[in-house]
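Enquirer: Sharing a structure, written as structure tokens. Questions coming.
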Amino acid sequence: MTEEIEKQTGMKCGNSHIKMTYDKKPLSTKIRRTPKTNYILDADYFKNKNILVIDDIITKGKTLINFNKQIKGAGGRTSMCIIYAKTKYKKIE
């Protein structure tokens, strides 16, 4: 999908400048990871850039909030975020 977005908009994908620091598949449903340790940004690449963030799913938004803070800390600016889906929880009464 990123290739098509690049082709249609002329934007460049920054995925190669983001290093994931763990495998996203949890070993157990009881393991909780903090969003602060999901990735490391190449700060030089994101400096003075307007960023479009595209993610597949949002649950509580903590990862997105922390990612945006890191972009800002690197001197970039998140212009827009697009999320494909939201986790929905069944209400238990």
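What follows draws every value from the coordinates through simple rules; no lab data is involved. Because the structure is predicted, anything quoted here is derived from the model rather than measured. A quick note on method: Cβ atoms are made from the backbone with ideal geometry, for glycine too, and the neighbour counts reach across all protein chains shown.
Enquirer: Using 1/(1 + (r/R0)^6) with R0 = 22 angstrom and r between the beta carbons of Tyr39 and Tyr84, what's the FRET efficiency to the nearest 0.05? Don't skip to the answer; put the middle values down first.
Expert: Numbers: r = 19 Å, r/R0 = 0.85.
Step by step, r from the Cβ atoms, then E = 0.75.
Enquirer: Would you please give the residues with an amide H less than 5 Å from that of Ile51, counting only those at least 5 places away or on a separate chain, with H modeled from the backbone geometry?
Expert: So Ile51 has HN proximity to Arg77, Thr78, Ser79, Met80.
Enquirer: How large is ³J(HN,Hα) for each residue in the range 73-87, as worked out from phi by the Karplus curve 6.51 cos²θ - 1.76 cosθ + 1.60 (θ = phi - 60°), to whole Hz, x for Gly and Pro?
Expert: Per-residue couplings from phi come out as x, 7, x, x, 9, 7, 7, 7, 10, 10, 10, 6, 8, 10, 5 Hz.
Enquirer: Among Lys12/Lys88; Lys12/Lys69; Lys49/Lys91; Lys19/Lys86, which pairs are too far apart, with a Cα-Cα distance over 30 Å? It would help to have the intermediate numbers written out before the result.
Expert: Numbers: Lys12/Lys88 32 Å; Lys12/Lys69 21 Å; Lys49/Lys91 41 Å; Lys19/Lys86 24 Å.
Over 30 Å Cα-Cα: Lys12/Lys88; Lys49/Lys91.
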